[in-house]
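Reading through the structure tokens given below for one structure.
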Amino acid sequence: MIRPNFLTTADRLELLSCVKRQREDYGVARRANALSLLNDGMSCAQIAKVLFLDDDTVRSWHKQYLAEDWEAVAYDGWKGGQSRMTIAHEADLSEWLEERFCRSTAQIRAYMGAKFNIHYSHSGCIKLLARLGFEYRKPKALPRVADVEKQAAFIAFHTNLLNNLPADEAVDFSDAVHPEYQSKPSHGWARKGSNPAIQTTSGRVNIHGALNLETFDAPFVEPTTVDGVSSVQLLAKIEARNPDKRIIHVIWDNAPYHKGPNVRAFLSRKNCRIHLIQLPPYCPHLNPIERLWAVMHSHVTHNRHYPTQKHFANPILNFMREVVPKKWRNFRDQVTDNFRIISHRNVRVVLYGPVTV
């Protein structure tokens, strides 16, 4: 029979600390737990039953502690066995995995069984994959973007345009936004366990707007539908807001209504001062007004609930009419033309489909 209270005060505190540390190695924590319970008076058989061990294992740990010390008991010299996969097998498996995206170890184990006649358990396969440098992760969504060359060409064009812009010309970026009358949950600090929630609604507001980064003038219209008519209304408002400009360069995307008959008729007018510039396809990141829309959402829609659509629309319109003209310096650093090129070159694009062995 093993007598209790055999641990020194220092070792007892160290063992209790090992048991409570969440990041402690599982094997070390089990040994610390067993010795602590043994020190408190439980028998080897009782501890073995509680911890699902053999009672001789508990006795061996106690014997080792008395003969050496806790450090000796805590040391795990086990290094694992020889892998059943040869180096050639592992290289083959790695190459096979690089060419596809397996969502389950079942697919991988089936391949190893068919190709190498080697069969792994689920947990064994996970350990093998970790050793080979693979991890279980979710691919991130990649938006469609224009060619890198087209993005670079536009950025160079825009830089040259601004650097050589005469005093009687201006540059406006334009786009439409459709804030939904629906509360947008967003991250924030809350007391743990408080389960914060906001009510949801439905509906939306349409805004067709423009932005001059030099003056932060932001003309906009509130159409029922964003189309060629609203595009012309916006262009007319941009002209009216710039009476001293000979040419106003308006940069916007390739939406069909931006190139439709209404817009073409407006541009064909005598003395029309609007010069349209199309963004490269799939490049909203090259339009600074998108950043203004993000600021608007953070001010108006994130984590806010409005009882009616009118209550929802008024703060949005107030943001455009009052906040932008008067307080634009507060978020000037967030709405810039500090463009960057988005490329898929540094990612592995996953092509989903049946995984063949």
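Based on this model, can you work out whether R137 counts as touching a residue at least 40 places away in the same chain (Cβ under 8 Å), under 28 Å from the mean Cα position of the chain (by Cα), more than 30 Å from V19 (Cα to Cα) and outside the structural domain of R31 (by TED's automatic domain parsing)?
Judged against the criteria, R137 is not a match.
Is it the case that region 71-87 has a residue that's modelled with pLDDT of 90 or more, over 26 Å from L13 (Cα atoms) and touching a Ser or Thr at 6+ places or on another chain (Cβ under 9 Å)? For region 71-87, residues modelled with pLDDT of 90 or more, over 26 Å from L13 (Cα atoms) and touching a Ser or Thr at 6+ places or on another chain (Cβ under 9 Å): absent. Residues that are in a loop (DSSP other than H, G, I, E, B), modelled with pLDDT of 85 or more and surrounded by 13 or more Cβ atoms within 10 Å (Cβ to Cβ) within region 15-70 comprise M42, S43, L53, listed in sequence order. Can you pull out every residue in region 155-183 that is touching a Lys or Arg at 6+ places or on another chain (Cβ under 9 Å) and in a helix (DSSP H, G or I)? Selection gives I155 alone. Exactly one condition in (1) in the same structural domain as D25 (by TED's automatic domain parsing); (2) at pLDDT 95 or above; (3) of a type outside the set (S, T, N, Q) is false for H158; which is it? Checking H158 against (1) in the same structural domain as D25 (by TED's automatic domain parsing); (2) at pLDDT 95 or above; (3) of a type outside the set (S, T, N, Q), the one that fails is (1). Inclusion of D244 among residues that are farther than 24 Å from A294 by Cα and acidic (D, E) is warranted. Considering K245, K192, K270, K259, the condition of being under 29 Å from W328 (Cα atoms) and of a type in the set (D, E, K, R) is satisfied by K245 alone. One residue alone among F220, F216 is within 16 Å of L317 (Cβ to Cβ) and of a type in the set (F, W, Y), and that residue is F220. With the structure loaded, tell me whether A152 is outside the structural domain of M85 (by TED's automatic domain parsing), at pLDDT 85 or above, in a helix (DSSP H, G or I) and not basic (K, R) or whether it fails that test. Yes.
Return only the number of the condition from (1) under 30 Å from I342 (Cβ atoms); (2) modelled with pLDDT of 90 or more that E99 does not satisfy. With (1) under 30 Å from I342 (Cβ atoms); (2) modelled with pLDDT of 90 or more applied to E99, the lone miss is (2). Cβ-Cβ contacts under 9 Å between residues 6 or more apart (or on different chains), taken from a first residue in region 240-256 that is touching a residue at least 40 places away in the same chain (Cβ under 8 Å) and farther than 17 Å from K270 by Cα to a second residue that is of a type in the set (S, T, Y) and in a strand (DSSP E or B), are listed as V250/S174; I251/S174; W252/S174; D253/S174.
The values are calculated or read from the model by the stated rules, or taken from the named source; none is laboratory data. The model shown is predicted, which means the values in this text are computed figures rather than measured ones. Cβ coordinates were reconstructed from backbone atoms using ideal geometry, including for glycine residues, and neighbour counts include every protein chain displayed.
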